[in-house]
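Some notes on the structure that comes next.
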Amino acid sequence: MRRVGFGVVLFAGLSVVACGQLIGLDDFKPAVGVGGTDAGGAAGSAGSSAAGGTGGSAGIGGSSTAGVGGTEVAGAGGTGGKPCTKNAECDDGKACNGVETCDGNFCQNGSAVDCSGIDSTYCAGKCFETSSGPKCQLTAKDTDGDQHGDSRCQEATGDDCDDSNDKVYSGAPEVCDGIDNDCDGKADLEDGLPLSERVLDVATLNSFSGGRFVAVGAQGVAVMWGDEPVGGTNRLWAKTFTRDGTPLGEATQITVPEQTGSTVQNNPEFDLIWASDHYVAAWIDSRSGTAEVWAQLIAVDGSMMGDNFLAGTPTTTQGTVALGSTPFGTGVFYLKPELALGESFIESSGRVLNYSFDPPPSNATQYFPVVAGSGPNRMLAFAEFADPTASLHLARLDSQFLKLVDIPAPFSLPNSPSQFYRKLGVTKLDAGYLLSFNVEAPSPPKSELGVTFLDSNDHYACGPTSLRLSGTIANRIAGTASMANRALVFFAEYSTTAVKGDIYVSTVKSDCTAPITVPILTDSLIQLQTDVDSDPTLRALVYADATDGEKRLKLRLFGPNMCD
């Protein structure tokens with residue numbers, strides 16, 4: 001390979017070849033002489049009639065000669081060698097140390113061949129004497145000692161994509177460590193490693209009608225669900241676990257018995273989040289005869305911290321509650337009766353601060369919000385229903401969290417508003433935000449999962465791209481997470497004809513492509529209402545399963561790489 005600046009001329013027939021073979025010296029730059037086994041030798045003694053040259057590691061000073069080189073390469077000559085009248089009298093018969101010349105009646109050594117390689121950062125080489133002249137053996141460096149050369153050496157063949165890790169090279173066994181061990185460019189799941197099998201029983205359910213949510217915290221995992229006791233009305237319950245899945249107590253009822261009306265608990269009309277050192281639950285409750293946003297603080301051990309408290313201004317039952325972390329506390333997003341998006345902030349003490357966003361267009365009939373990110377990077381995704389169309393929007397929340405900076409999505413979906421929305425997900429990646437969404441239309445029947453990507457400059461990079469499309473099977477997003485700058489999109493499918501369902505996870509890149517979709521649970525009697533939460537080292541999925549004849553609430557835990 002020719003590199004600018006080395007002043008090297010490539011001769012015909014001499015070219016770079018594979019690691020371990022001999023290649024022409026013209027592919028290397030000339031340099032000062034090297035001696036000894038690997039480097040220049042010690043200086044020779046001064047001659048009586050001229051200054052002695054620098055010799056090799058076994059250099060010997062003569063009475064009027066330059067020092068002699070070491071075992072592999074001769075040392076460079078001095079300013080005055082043995083007396084001469086022509087170049088032939090100076091030739092020592094070796095080519096690796098350069099061409100000797102007669103200059104000023106004294107022999108002068110030439111510049112030895114430098115076999116460090118054109119790309120010495122990742123390559124290495126040595127000079128050898130052959131019958132046809134000097135040749136260099138060039139190899140890719142093997143810094144980690146795994147017998148596989150660095151693939152970044154462009155002048156020789158290497159198959160190690162990480163020469164600092166001896167467990168990484170082409171053909172290495174793929175293990176669940178978040179690293180591309182076999183250098184094929186695929187993540188662990190994409191390389192076929194199985195998912196983690198940590199499945200926990202949470203509770204026995206009386207009904208499948210209630211929703212369910214999960215929150216991953218620094219000190220544990222909490223699950224919240226709706227259930228209807230025999231002869232009673234819907235109630236909300238919670239149970240907490242350690243991060244390794246050990247229960248921290250029995251299930252605790254969150255909501256108080258209703259005074260009038262009934263509590264609204266159908267997914268996704270409540271939410272659960274970790275807030276610094278405790279959990280926060282919020283839901284839409286009609287206990288007072290009108291729909292309101294209520295909340296409850298929950299301790300790590302699952303006990304209730306105080307009583308239920310009003311967290312938002314009165315709302316309608318047509319909407320969701322979405323929770324997000326903010327510098328002011330836990331942000332609660334909800335739909336106000338004038339069809340505006342409202343936000344409250346719950347401090348750690350339970351004190352509520354209320355703010356309101358600007359009202360939406362007057363023709364909008366419904367909003368459904370979901371929040372992702374924290375601090376100044378928070379992103380709000382919401383569906384806007386303005387009959388006969390339904391549009392998806394993203395909004396970046398400014399640093400004061402007092403208003404929305406609206407970024408309209410680049411597409412509208414002409415479906416019935418009452419059928420369109422089911423759940424939205426927003427995943428923060430290094431390069432921006434990935435929005436995942438559900439589309440359901442009644443006529444003709446259609447159920448679709450899609451994604452679109454917003455880059456760090458709020459520009460749409462790709463999408464909408466369909467992940468799943470069916471006219472006979474219902475799809476529902478469970479939640480999203482991030483892994484190695486990929487979004488993990490969890491979703492459930494349910495066939496009304498087969499009365500069975502599946503749960504999957506897709507890895508989605510920032511170009512809206514999905515390299516792989518992996519089944520988590522298949523051919524089971526499940527409900528579409530599932531939920532996912534995660535942090536960098538733990539992912540948690542909650543779902544209901546009645547395959548064995550009993551309605552059970554399940555919690556499945558995954559490590560940071562999903563296979564651990």
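Some values worked out for this structure:
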read-out	value
Among residues of region 277-300, those that are of a type outside the set (Phe, Trp, Tyr) and under 31 Å from the mean Cα position of the chain (by Cα), counted	8
Residues that are open to solvent by 10 Å² or more (accessible area, probe 1.4 Å) and more than 23 Å from the chain's Cα centre (by Cα), drawn from region 525-542	525, 527, 528, 529
Listing of strands (runs of 3 or more DSSP E) fully contained in region 168-246 that carry 2 or more residues being under 22 Å from residue 483 (Cα atoms) and in contact with a Pro (Cβ under 6 Å, 6 or more places away or on another chain)	none
Set 138, 189: member being open to solvent by less than 50 Å² (accessible area, probe 1.4 Å), modelled with pLDDT under 90 and under 30 Å from residue 244 (Cβ atoms)	189
Complete set of residues in region 513-524 that are among the hydroxyl-bearing types (Ser, Thr, Tyr) and open to solvent by less than 50 Å² (accessible area, probe 1.4 Å)	524
In region 547-564, the residues that are assigned to a loop (DSSP other than H, G, I, E, B) and either under 14 Å from residue 492 (Cβ atoms) or open to solvent by 30 Å² or more (accessible area, probe 1.4 Å) (or both)	547, 548, 549, 550, 551, 560, 564
Some residue of region 155-166 being touching a strand residue (DSSP E or B) at 6+ places or on another chain (Cβ under 8 Å), farther than 17 Å from residue 530 by Cα, of a type outside the set (Lys, Arg) and without any contact (Cβ under 8 Å) to a residue 40 or more places away in the chain	yes
Candidate set: region 276-308, residues that are charged (D, E, K, R) and touching an Asp or Glu at 6+ places or on another chain (Cβ under 9 Å); chosen: the one nearest to residue 334 (Cα to Cα)	292
Test set (1) assigned to a strand (DSSP E or B); (2) open to solvent by 20 Å² or more (accessible area, probe 1.4 Å); (3) modelled with pLDDT under 80; (4) not β-branched (Val, Ile, Thr) - residue 422 fails condition number	(1)
Criterion: open to solvent by less than 20 Å² (accessible area, probe 1.4 Å) and among the polar types (S, T, N, Q) - qualifying residue of 97, 109	97
Pairs with Cβ under 7 Å, 6+ apart, first in region 99-111 and within 11 Å of residue 85 (Cβ to Cβ) and without any contact (Cβ under 8 Å) to a residue 40 or more places away in the chain, second assigned to a strand (DSSP E or B) and open to solvent by 50 Å² or more (accessible area, probe 1.4 Å)	105/83
Filter result (at pLDDT 85 or above and in a strand (DSSP E or B)) within region 247-272	247, 252, 253, 271, 272
Test: residue in region 83-98 that is over 20 Å from residue 134 (Cβ atoms), more than 60 Å from the chain's Cα centre (by Cα), in a helix (DSSP H, G or I) and modelled with pLDDT of 90 or more	yes
Some residue of region 237-248 being out of contact with any Leu (no Cβ under 9 Å at 6 or more places or on another chain) and open to solvent by less than 50 Å² (accessible area, probe 1.4 Å)	no
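For (1) at pLDDT 80 or above; (2) among the acidic types (Asp, Glu); (3) assigned to a strand (DSSP E or B); (4) at negative phi, each residue gets a yes or a no:
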position	(1), (2), (3), (4)
293	yes, no, yes, yes
308	yes, no, yes, yes
320	no, no, no, yes
325	no, no, yes, yes
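The values are calculated or read from the model by the stated rules, or taken from the named source; none is laboratory data. Because the structure is a prediction, the values reported are computed rather than measured. Reconstructed Cβ throughout: ideal geometry from the backbone, glycine too, with neighbour counts over all protein chains shown. Protein only, heavy atoms only, side chains kept; ligands, DNA and RNA dropped before computing areas. Shrake-Rupley method; radii C 1.70, N 1.55, O 1.52, S 1.80 Å.
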